[in-house]
Amino acid sequence: MPRILGIDLPNDKPTHISLRYIFGIGPTTALELCEKIRVDPLRKARDLSDEEIARLAGILDREYVVEGQLRRQLQQNIARLKDIGCFRGHAASPGLPVRGQRTRTNARTRKGPRKTVAGKKGVKEARG
């Protein structure tokens, strides 16, 4: 099982799919990396040699912001937005949408499952 930047890549998947397990690497970047280290993207990750893994780790270190460094950068960006009193900073911390979407309805993905609040029981209006 190849280990790159503290992440164990799955053995039985193609290299370009396995690389996506690293935070900050998506489909396009994974194919780009395979091209740079001259590896067939469809080759299984377990077939990578130690030299290829070392080249891959070197390229990731030099040219890309991934894993811990990227997570830290994202947290710093949110902290900066909070410090300047921006709405985006305050909305991002509890996990609400930050790009102007409505939250009264339709924000279930960000807000999580509904938290039901019980209504008033047995209260009737007196008509007179």
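Under 5 Å from the amide H of Ile4 lie the amide H atoms of Leu9, each residue being 5 or more positions distant or on a separate chain, with H modelled from the backbone and absent for Pro and chain starts.
When each full DSSP H helix of the chain is screened for a Cα extent of at least 18 Å along its own axis and an average Kyte-Doolittle hydropathy of at least -0.5, the helices passing are 50-63. With R₀ set to 25 Å, the beta-carbon distance separating Lys115 from Lys82 gives a calculated FRET efficiency near 0.55. Here the label points at Lys36 and Gln75, each 7 Å from Cα along the C-beta direction, are separated by 2.5 nm in the simple model. Each pair of Cα atoms in the chain enters the Kirkwood radius, and Stokes-Einstein at 20 °C and 1.002 mPa s then converts it into a translational diffusion coefficient of 116 µm²/s. Within the accessible area of the chain, the carbon and sulfur atoms contribute 50%, probe 1.4 Å, all protein chains present. Summary of packing: across the peptides 12-20, 113-121, the per-residue average of other C-beta atoms within 10 Å ranks them, highest first, as 12-20, 113-121. Rounded to the nearest 20 debye, the dipole size of the chain about its Cα centre is 1660 debye, using +1 on the Cβ of Lys and Arg and -1 on the Cβ of Asp and Glu.
Using a probe of 1.4 Å on the protein chains alone, the accessible area found for Cys86 is around 40 Å². Highest mean first, the peptides 65-76, 99-110 sorted by other C-beta atoms within 10 Å per residue fall in the order 65-76, 99-110.
The values are calculated or read from the model by the stated rules, or taken from the named source; none is laboratory data. Keep in mind that this is a model prediction, so the values were computed, not measured. Reconstructed Cβ throughout: ideal geometry from the backbone, glycine too, with neighbour counts over all protein chains shown. Accessible surface areas use protein heavy atoms only, side chains included; no ligands, DNA or RNA. Shrake-Rupley method; radii C 1.70, N 1.55, O 1.52, S 1.80 Å.
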